[in-house]
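Report on the structure given below.
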Amino acid sequence: GVQAEAPQNTIPAYEKAVEYGYYTAECDIQLTKDNRWVVIHNAEVDGRFCQFGRIDELTLEELKTFSYNWGANLWKYRGSRIPTLEEYLDVFVGTNTRPQIEIKADGYDMLYTPHIGQSVLWETSGHWDHYKDGMFVMGDEEKDKEVFALRPMTCPFQYQAYLNKARSYRDLPLR
């Protein structure tokens with residue numbers, strides 16, 4: 001969001017990102033005691049709310065009683081609450097701004113993937129035939145033994161990580 005104009009991680013900050021035509025607006029999410037995803041960077045609520053406690057020890061209902069008491073133009077956005085992941089995502093419906101989510105909850109690890117992949121990976125995932133024309137390709141399929149491409153999306157890489165053992169959809173996101 002635009003934390004220079006509204007308190008960080010609030011719906012008004014993300015609405016400003018959409019208003020200004022940002023390509024993406026990043027958020028961090030934490031899991032509450034009652035297993036609801038909320039948009040907040042730190043694992044604890046702190047002086048920004050004049051309340052204290054760990055996100056994973058509080059329910060969504062408890063967190064929704066806290067309002068931001070810190071941030072840009074607070075007077076204009078007084079009463080802003082910690083948004084749920086659903087509320088955050090609703091901001092981007094019908095816009096060109098893309099949500100970008102980083103899971104910060106304990107037990108989850110970020111999956112960092114390469115920016116360049118061999119064409120065989122893109123072929124295996126089924127992306128090569130659909131997206132090759134829009135990708136930055138290094139090499140010539142007719143002449144070169146190996147052809148590489150910059151990733152236009154990360155799904156083939158996450159797909160390969162997911163395939164490392166049999167899983168259920170209930171296992172997502174990976175812990």
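Miscellaneous remarks
- For region 18-58, the alpha-carbon radius of gyration amounts to 1.43 times the rule-of-thumb value 2.2 N^0.38 Å expected for a compact globular protein.
- Simple spin-label estimate for Leu89 and Asn69 in nanometres, 7 Å along Cα-Cβ: 3.3 nm
- Label positions at Gln100 and Arg54, each projected 7 Å from the Cα along the C-beta direction, are separated by 2.9 nm.
- Ordered by solvent-accessible area of protein heavy atoms (1.4 Å probe), largest first, the residues Phe136, Phe52 come out as Phe52, Phe136.
- Applying 1/(1 + (r/R0)^6) with R0 = 41 Å to the Cβ-Cβ distance of Lys76 and Ile116 gives a FRET efficiency near 0.40.
- Relative to its Kirkwood radius, the Cα radius of gyration of region 1-115 gives an Rg/Rh of 0.97.
The values are calculated or read from the model by the stated rules, or taken from the named source; none is laboratory data. On a predicted model such as this, the values are computed, not experimentally measured, just so you know. A quick note on method: Cβ atoms are made from the backbone with ideal geometry, for glycine too, and the neighbour counts reach across all protein chains shown. Surface accessibility is based on the protein's heavy atoms, side chains included, excluding ligands, DNA and RNA. Shrake-Rupley method; radii C 1.70, N 1.55, O 1.52, S 1.80 Å.
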